[in-house]
Amino acid sequence: MTKKTIANGEALKLAVVGHTNTGKTSILRTLLRDVYFGEVKNEAATTRHVERAQLTDSQTGEVLVALYDTPGLEDASGLMDWLEDNTASRRDGIERLQQFLAADIAQGAERIDGSVYQDYSQEAKVIRQVLASDMAIYVVDAREPVLGKYKDELAILSWAAIPVMPVFNFTDSQDANIDDWQTMLARRNLHISTRFDSVAFEFEDEMHLWQNLATMLTHSEMLEQLMDSRAADWARLYDEANIIIADFLLNVAAFVREINEDDDPMPVLTQMQEAVRQSERTMQNKLLNSYKFYDNAVAATPLELKAYQQDPFDPELLKTYGIRTTSGAAAGALLGLGIDAAALGTTLGLGAALGGLAGGLLSNTSSIADKLTGVKRLYIDPATLTLLATRAMDLLTALRHRGHAATDATQMLYQDDGTTTHSSNPTQSDDAKNDSADNHSITPWPSHKLPSELKKARGKPQWSSLSSGKSELAQSLRMDATWSLANKLEAHKLAGD
């Protein structure tokens with residue numbers, strides 16, 4: 001294979017190399033946002049052949065970077081011995097590597113001294129690809145100590161005479177040895193490196209990866225175009241995700257069912273709860289699909305964590321999130337549906353209907369019920385709306401910080417107990433802090449102060465497909481409110497970052 005210059009606008013050819021089981025394929029999965037790329041196992045030599053993938057400009061479709069996933073380097077020290085014994089030191093590195101590639105030992109196993117086999121065919125595949133590439137990233141498992149075999153790998157790669165940038169994987173581990181690695185790399189004149197954890201993903205780390213690569217090239221136009229495209233796509237994806245969440249919340253907030261004053265509300269409440277559960281699951285799947293996490297056996301998703309499996313109407317869940325109900329804690333915790341006297345004066349007397357169950361908890365019930373001439377309207381309680389909003393935003397945060405190489409549901413992204421994504425917010429209002437005091441979860445608003453869009457929705461049953469069954473019409477009617485609420489959700493998140 002012959003290497004071509006990228007000065008003429010061709011796609012950058014980037015080889016991904018490293019020792020076996022350092023996470024080369026895992027890094028590519030996260031860069032590609034593709035849980036299906038390659039094969040990831042906790043064992044050596046999973047990748048046996050060079051696999052090609054590409055990154056394109058989402059607007060033009062132009063291929064900007066061609067990525068090559070190579071097999072692991074298994075015995076660089078043995079190969080270095082062979083090169084020292086069988087190639088002339090007076091030759092340059094490329095000539096020595098080409099001499100190796102032409103030898104029988106690069107084609108497969110060869111018997112040495114009548115008994116010992118040497119097989120450098122995997123190393124040969126890596127070297128061929130490196131020689132045909134414009135540059136390479138050398139993937140380092142940051143948990144590994146600096147060993148002689150890694151030094152030999154870097155020495156052999158340096159002979160290819162292309163820029164090589166070390167990339168530290170698994171940097172979130174407490175066992176990372178990055179300082180030791182950087183000292184060794186500096187002694188080999190490798191002063192530019194970067195961190196990119198394929199499990200605990202940070203978009204800024206990806207941008208740093210491309211930026212550092214760009215500094216090593218004479219012609220970096222392709223990488224600069226790629227960075228612009230990726231940044232725009234990431235921002236657009238976040239906007240779309242907030243719209244998905246806002247649309248879901250408005251659909252639930254506008255959900256209303258009417259019953260006669262003497263009817264037992266429990267069957268209707270049960271139906272409403274199930275409709276909300278299904279709606280939340282649909283919303284969650286939309287978010288997963290947006291960030292290219294799918295239900296499959298390849299990678300675990302945050303939905304497999306207990307925090308997202310728990311029933312939104314579980315009596316303990318409001319307590320877990322530290323959210324207070326507006327109509328009596330017992331009623332809200334029991335039903336997740338209830339009374340909101342501020343909802344345009346249309347809420348009904350659940351207290352009388354439930355009899356002794358909620359009796360005495362809803363002091364405003366009788367006066368409201370007297371005005372409603374025998375008809376009761378049942379809504380989703382503001383506390384439950386707040387819970388649904390908080391949990392949806394938590395899921396969005398999890399998806400934005402989870403690499404596509406995560407194969408275990410417990411491989412979470414923050415240094416807490418491994419089951420939640422909650423953190424405190426110094427800019428939060430006192431009311432919201434009180435709401436979330438139990439577990440430091442960030443609620444987007446106090447449960448008794450719903451955003452104006454949700455308050456308005458509670459008087460617009462036609463906005464909810466759960467009420468009308470007319471999904472497209474309901475969605476179009478709430479569209480303006482969806483955009484407005486999405487902006488508030490995004491502004492809240494930015495204030496907390």
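Taking amide H atoms as placed 1.01 Å from N in the peptide plane, list the residues 5 or more away in sequence, or in a different chain, whose amide H sits under 5 Å from that of residue 379.
Close amide H contacts, sequence-distant or interchain: 338.
Could you state the number of Å between the C-alpha centres of the stretch 241-287 and the stretch 143-190?
When both Cα centres are located, 53 Å separates them.
Could you give the length gained by full extension between residue 231 and residue 180, i.e. 0.36 nm per residue of separation minus their alpha carbon distance, to one decimal place?
On the way: separation 51, 0.36 × 51 = 18.36 nm, distance 3.22 nm.
Stretched fully, the residue 231-residue 180 segment lengthens by 15.1 nm.
Could you please report the charge total around residue 243, scoring K, R as +1 and D, E as -1 over all other residues with beta-carbon less than 13 angstrom from its beta-carbon? Mind dumping the intermediate values first?
Values: positive: 236, 286, 478, 488; negative: 239, 240, 247, 453, 480, 490.
Neighbour charge sum, excluding residue 243 itself: -2.
Find how much the distance from residue 85 to residue 215 grows on full extension, using 0.36 nm per residue of separation minus their present alpha carbon separation; answer in nm with one decimal.
Additional length available on full extension: 43.2 nm.
Report relative contact order for the stretch 128-230 in percent, whole number only (criteria: Cα-Cα under 8 Å, sequence separation at least 6). Mind showing how you got there, number by number?
On the way: 121 pairs, mean separation 25.4, N = 103.
It rounds to 25 percent for the stretch 128-230.
Over the stretch 60-211, what is the relative contact order in whole percent, taking alpha-carbon pairs under 8 Å and six or more residues apart? Present the calculation step by step, with values, prior to reporting the outcome.
Working: 190 pairs, mean separation 31.5, N = 152.
Relative contact order of the stretch 60-211: 21 percent.
Mind grabbing the accessible area of residue 311 for me, 1.4 Å probe, Å², rounded to tens?
Surface open to solvent at residue 311 totals about 50 Å².
How do 477, 249 rank by accessible surface area computed with a 1.4 Å probe, from largest to smallest?
Numbers: 477 80, 249 0 Å².
Largest accessible area first, the list is 477, 249.
Which distance in nm do the two modelled labels at residue 149 and residue 119 give, with both placed 7 Å along the Cα-to-Cβ direction?
That separation, rounded to one decimal, is 1.6 nm.
Pop the C-beta distance of residue 34 and residue 208 into the FRET formula with R0 = 25 Å and round what comes out to the nearest 0.05.
Values: r = 21 Å, r/R0 = 0.84.
The value I calculate is 0.75.
What full-extension length gain, to one decimal in nm, is calculated for residue 471 and residue 56 as 0.36 nm per residue of separation minus the Cα-Cα distance?
Details: separation 415, 0.36 × 415 = 149.40 nm, distance 3.48 nm.
Going from the current span to full extension adds 145.9 nm.
The values are calculated or read from the model by the stated rules, or taken from the named source; none is laboratory data. From a predicted model like this one, the values you see are computed outputs, not experimental measurements. FYI the Cβ positions are ideal-geometry reconstructions off the backbone, even for glycines, and counts take in every protein chain you see. The accessibility values were calculated without ligands, DNA or RNA, using every heavy atom of the protein model including side chains. Shrake-Rupley method; radii C 1.70, N 1.55, O 1.52, S 1.80 Å.
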